[in-house]
Amino acid sequence: MTYPPPGNNPPPIPGQPDLSKQSPYGAPPPPPPPPMPGGPGGGSGYGPPPPSHGAPASEKTSGLAIAAFVTGLLGCFGIVGLVLGFVALRNISRTGAKGRGLAIAGIVLSCLWLVGGIAIYALRGDDSSTTGGKSPTTSATKPKTVDAKKMKAGDCINDDQGSSNTTATGEPVEVESVKVVPCDGPHDGEVMAVFKLPDGGMPTDKTMATVASAQCKRLMAPRINRDPARNGLATSYYYPTADSWRAGDREVTCVAVAATEGKKLTRKLHS
């Protein structure tokens, strides 16, 4: 097969491309595409940067984180600092703000305050249980000296002159005052009833003692009989002196005492 010599190409065939007008080396390369916007003289030729994912970091410190830290330091707001700390952490993860360390510190401090408070409360509860739920100073309360005429039901008393109101010869003893003391400690007697004698002339000591003894036994019997230590209890009483009678005193005070002379009561009698 031979190639036609140059410049001696055959005439074109109708309906076919004219090869004489084409480059013997093939078609020229296509022109380069136009430059992208922002090319030379306008920035990068690779187009705009891809969109970023997540929230951009903020230079501002979270106010909630600061509040959580301050509240945790103070410790007087209990669980508030704990709640503020967790809310601050959630907001920081969403906004990218600063203050994560402050929020965590507030949570830790609040937890320490709460644990310390619970421990103190538990220790105080143990102390209360060892003292029967009463203040340990109850038994150490100082006795209060009161006028013998002002004794009232429920008082536990100490009478240095003798709660029987009589001497060894059987004569009555005038008592001006007694000491009111706690009923859970040693005491001479417990006031259980008070009643009034009728007005009029003052009875003799013998008559007054007889009336006081009978009436006090009647008033005190129901309560004494309910007490587990009833066999070790006795009745005593205080009645007006001549001077107090003239001053208008008509009250007789009934007192439960130990049946054994010199022995003291150590608790409040059953109601």
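Every number here is computed from the coordinates shown, using simple stated rules; none is lab data. The structure displayed is predicted, hence computed values, not measured ones. Cβ placement follows ideal geometry from the backbone for every residue including glycine, while neighbour counts extend to all protein chains displayed.
A few remarks follow.
- Ascending count of other beta-carbon atoms within 10 Å, so fewest first, for S62, S244, S110, S177: S177, S244, S62, S110
- Low-density loop positions, trypsin sites (Lys or Arg not before Pro), segment 188-271 - DSSP coil, at most 15 other Cβ in 10 Å: R250, K263, K264, R267, K268
- Residues of type aspartates and glutamates that K98 reaches as a straight line, Cα spacing below 20 Å, ignoring anything fewer than 8 places off in the same chain: E59
- For segment 186-271, GluC sites (Glu not before Pro) are listed when DSSP marks them as loop and at most 15 other Cβ atoms sit within 10 Å of their Cβ; the list is E261.
- In this structure the amide hydrogen of S62, modeled in the peptide plane, comes within under 5 Å of the amide hydrogens of K98, G99, none closer than 5 places in sequence on its chain.
- q = 0.14, 0.23 Å⁻¹: log10 I(q)/I(0) that the Debye formula gives for segment 144-258, counting C-alpha atoms only: -0.55, -1.47
- Counted residue by residue at 0.36 nm each, then reduced by the alpha carbon distance between them, the extension gain from A242 to V108 reaches 40.6 nm.
- Net lengthening on full extension, L123/K98 (0.36 nm per residue, minus Cα-Cα): 5.0 nm
- Lysines whose Cα lies under 23 Å from that of K268, excluding same-chain neighbours fewer than 8 positions away: K134, K142, K144, K149, K150, K152, K179, K217
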